[in-house]
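To start, the structure itself, in structure tokens.
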Amino acid sequence: MKKIAFFVEGQTEQVFINRLIKEIIGYKNLTVLLKKISGGTNAPKREFVRNYSIPLKSEFTALIYDCGSDNRVKSEILDNINSLREAGYTNIIGLRDLYPLSIEELPRLEKGLKYLPYPLKKKDYPFDIIIAVREVETWFLAESSHFLKVDKKLTGRFIEKHLGFNPDMVNPISREHPSEDINRIYKLIGRSYTKKYWQVEKLVNRLDFNKIRKDIRFKIPALNELITTIEKFKEGQLQEPVLSEKEKSSLN
């Protein structure tokens, strides 16, 4: 069985990847485990299963961790990489937002996330961390047709008339706070988007994943990188090396 693990900033990213990987690999051929990590600073760290889907026959397994914050994505990968390798997870991917950092700070963040402990520096592909510029909601804003599924009033022109920008025309990466943009759009018809779990699920279920995979991805580099990574995993093109016992011990 081929196994891949994701470490993401929060529940929004977890919900999105859960749907995305099922769309790419296939619902009947994929086991998915959704886990939440909590505590760790002033309280004991613990993890629990938030949800799971296990078909009768599956060739692939995806483990998706909600790390609870952006600054924990890399540290949780390093804490879990040994046990995941031993459990057969050959691919490990992180996903976090750039926000609240500015676009000018992206190179510094990328440099920091690429820094590796010495044992991992010798590996060609120990793990990867993808940065959503500016938020994962940037990708939701880019799939602007889903607003019409919320309410038929929410055309691009209607939104532009009231909020000053047209999501059908604007470069979503140019929007500094896309989740707030979505909230403002929803408020035009008396609703709100506050990132509650059920709200995120409803939004993600409205997205046109065919459009995301065949069109929008090529306009947003981070989204394209994520989709390409999953596609290569499906085709068996991603093969990461297993750490030796000496290398494992030096990470602990």
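The values are calculated or read from the model by the stated rules, or taken from the named source; none is laboratory data. What you are looking at is a predicted structure, and each value in this text was computed from that prediction instead of being measured. As a convention, Cβ positions derive from the backbone with ideal geometry for all residues, glycine included, and neighbour counts pool all protein chains shown. These accessible areas exclude ligands, DNA and RNA; they are computed on the full protein's heavy atoms, side chains included. Shrake-Rupley method; radii C 1.70, N 1.55, O 1.52, S 1.80 Å.
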Let me have the relative contact order for the chain, percent, based on Cα pairs under 8 Å that are six or more residues apart.
22
Suppose every Lys and Arg Cβ carries +1 and every Asp and Glu Cβ carries -1, with no other charges. What dipole size does the chain come out with about its Cα centre, to the nearest 20 debye?
580
Correct semi-axes for the chain, from √(5λ) of the alpha-carbon gyration tensor and rounded to whole Å with the largest first, are 33, 20, 17
Pairs of Cα atoms under 8 Å, at least six residues apart: use those to get the relative contact order of segment 152-241, whole percent.
14
So what are the ³J(HN,Hα) numbers for segment 131-139, from phi and the Karplus equation (6.51, -1.76, 1.60; θ = phi - 60°), rounded to whole Hz, Gly and Pro as x?
9, 7, 9, 8, 9, 5, 5, 4, 5
Which of 114/211; 152/195; 57/149; 28/202; 22/152; 196/219 have a Cα-Cα distance over 25 Å?
114/211; 57/149; 22/152; 196/219
Can you tell me what share of the DSSP beta bridges in the chain is antiparallel? A percent to the nearest 5 is fine.
25
Heavy-atom SASA rank of 194, 138, 228 (probe 1.4 Å, accessible area, largest first):
194, 228, 138
Taking a straight Cα-to-Cα line shorter than 13 Å from residue 36, and setting aside same-chain aspartates and glutamates fewer than 8 residues away, one finds 9, 13, 47, 66, 76
Given Cα pairs under 8 Å that are at least 6 residues apart, what percent is the relative contact order of segment 1-89?
43
Over the chain, what percent of the accessible surface lies on carbon and sulfur atoms, probe 1.4 Å?
50
